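This report refers to the structure that appears directly beneath it.
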Amino acid sequence: MRRSPKETAESARRITRRGLVLGGLQLGFVSTLGLRMHHMQVDQADEFRLLAEENRINIRLIPPSRGRIFDRNGVVIADNEPTYRITLTREDAGDVATVISHLGQLVELDENDLNRALAEMERTPPFIPVTIAERVSWEDISRVAVNAPALPGVTTEVGLSRVYPQKELFAHVAGYVGPVSERDLARYEDPPPLLRIPRFQVGKVGVETRHEQDLRGTAGAKRVEVNAVGRVMRELDRREGESGSDIQLTVDTDLQDYIQARLGEESASVVVLDLEKGDVLAIASAPSYNPNLFVRGISHTDFDALNTNDHRPLASKTVQDAYPPGSTFKMVTALAALDAGLLAPDDTVYCPGHYEVGARSFRCWKRRGHGHMNLEQSLRESCDVFYYDLSLKVGIERIAAMARRLGLGVAHDIPMSAVTSGLVPDKAWKVRERGAEWVIGDSVNAAIGQGFVLTSPLQLAVMAARVATGRSVTPRLVRSIDGVETPWRGGTDLGLNPNHLLQVQRGMFAVSNNRRGSAYSSRIIADNMRLAGKTGTAQVVSRITSEADPWEDRDHALFVNFAPFDNPRIAVSVVVEHGVGGSRTAAPIARDVTLQALYGEDPPLDAYPAKDRGRIKTQQEKLSSQRRARKSEEPSRA
């Protein structure tokens, strides 16, 4: 059917309108799209360029080099060594189990380290790398690098790890470092990012933890380019951090080495102080342990062996443990009485072997008694009754005050872990802590260093130093930080009458140099090296013990001294746990240590009594052989 011209014209007009509408819509859409593209490509170009860069470039922290620790002569105590490690970033790895399986075909993975890493991975954010294997060989690193495309999220790194060249010598002093733990992080409200670096090491005990901020340093940073799976393609730039500060201690490695060898298998401790500045020349606790075991995380087997040892190698006995001072405390009681004007040098007390206080009898160690004793004689022969009698005249308050004046009952400020304050009791203490009144018997026991009195070997050395000098000698363990000397304290006068000090010093001299002295067998015969000391025996059970008793029931053996007598240079304290008697066990050690410290090497045999020289020569040869074997590792010097 043919359409009329009119209908054809109408149809054409409709098509034209539709075309215009569609064309307008298409033009509007294209215009909108063009404007949007212009906005994104021109107006927002910088923003999208930055986003692209952030997806392509990562910023990673560079751990700083930890400051080193030296002895007074520049011998390295704590150092850093380069190590290779393999890390894995969970966010980039995808299927962690598969990646670890592939990695295990290339390098040998320790099961314990791997389990530790997987546990660490669960508690850390997915973008933080976790160390899978540490201290791996260059060959292992090479194999991993060659197979990098098949190991997404795996990175090989060169890092620094702590090492202790002197091993057991300074374990209780320098301490050790270990990987950051949750406990370490809990100390901070907002933990520093540096602590999130894989297996980053921080101080755990000793100088390492007490000077953590000095030793740690400041982190650097590097920008690296990564591909789509997080594999590092290249390093773009780097900003190195600042190394930690080097610390020099006051200790002498050679002297410390000798002491550790001399203590042998004993459970014991020795402290040697320089009297001029209070420098700690040696501070040894035996037995010791190898701190390198703790750097990477000690095994359960190794830790159990240390923790169950009845000689307690993990304990820093010199500062952490507190013992009854026994008769070494008698100088405190004597000076308290002299200072109060209640004792003259020639005053005597009769010792029948016991002392009656009310209905109780306090025995002297010499059951037959010492007879009439003056001050010098009472120190020389360690008469207990003389001090029982003094305690009732002087009273515990004066005794306690003098003890604190001489450095007891004080937690001395040196950077070691768990430094004890010991215990110098008085009336208020007993009421506060025991809920009971002080009684006369408490004073009698305290006067000879028993009862509630507790002291550390460090405090005993300080006491000997203050008796020797009359000054407030204070121990210093850190000599300098980054070459800047740390201040020393202890030059002030204690305010004690010099004549009173001289009387006590003479009594201590008689202990070692008078034939009736309790430590005469451990004397020094070189005139310019003679020592003045005091023996002590601290009861562990409430009876006199001997070597026939079980080791854990035997009395502790103590000795304190200073030397030379005419010009004091050092003070020494020795505590031998369950050593039975101070004169038998502790005094010989103290005499040998004193001579070694004064001479700076094995002393000449003529410094010893003639009867001892053969035995001492054999002992020196044995100890020298042991020390040479240890030194064969040749620890580095600065």
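Each reported figure results from applying straightforward, stated rules to the coordinates on display, with no laboratory input. Treat the numbers as computed from the prediction; the structure is a model and nothing was measured. In this analysis, Cβ positions are derived from the backbone assuming ideal geometry, glycine residues included, and neighbour counts consider all displayed protein chains.
Quick notes
- Using alpha-carbon coordinates, inclination of helix 613-631 to the longest axis of the chain, degrees: 0
- When each of 330/393; 204/631; 317/622; 330/366; 393/427; 167/204 is checked by Cα-Cα distance, pairs over 18 Å: 204/631; 317/622
- Local electrostatic count, residue 602, Cβ distance below 15 Å [Lys/Arg +1, Asp/Glu -1]: +1
- Residue 307-residue 223 FRET efficiency (beta carbon distance; Förster radius 45 Å; 0.05 resolution): 0.45
- Linear extension gain, residue 617 paired with residue 516, 0.36 nm per residue minus alpha-carbon span: 33.7 nm
- Rounded FRET efficiency, nearest 0.05, which uses the C-beta distance separating residue 605 from residue 569 and R0 of 25 Å: 0.70
- Going from the fewest other Cβ atoms within 10 Å to the most, the residues 421, 361, 583, 288 appear in the order 361, 421, 288, 583.
- Efficiency of FRET between residue 142 and residue 35 - r from beta-carbon atoms, R0 51 angstrom, step 0.05: 0.40
- Angle in degrees between helix 498-513 and the longest Cα principal axis of the chain, rounded to the nearest 10: 80
- Label-point separation in nm, residue 342 to residue 527, each point 7 Å along Cα→Cβ: 4.2
- Relative packing of peptides 65-73, 537-545 - highest average C-beta neighbours within 10 Å first: 65-73, 537-545
- Shape class of region 253-631 from the Cα gyration tensor (axes a ≥ b ≥ c, square roots of the eigenvalues): rounded, since a/c falls below 1.5.
- In the list (i) 1.03; (ii) 2.19; (iii) 1.43, the label attached to Cα Rg over 2.2 N^0.38 Å as derived from the coordinates here is (iii).
- Antiparallel DSSP beta bridges within region 58-249, as percent of all bridges there, nearest 5: 95
- Once both labels are positioned 7 Å from their Cα atoms along Cα-to-Cβ, the gap between residue 421 and residue 360 label points is 2.6 nm.
- Protection proxy ranking for 89-100, 608-619, using the average of other Cβ atoms within 10 Å per residue and placing the highest first: 89-100, 608-619.
- Contour minus Cα-Cα distance for residue 108 and residue 181 (0.36 nm per residue): 23.8 nm
- Against the chain, whose longest principal axis comes from its Cα atoms, helix 45-56 is set at around 50 degrees.
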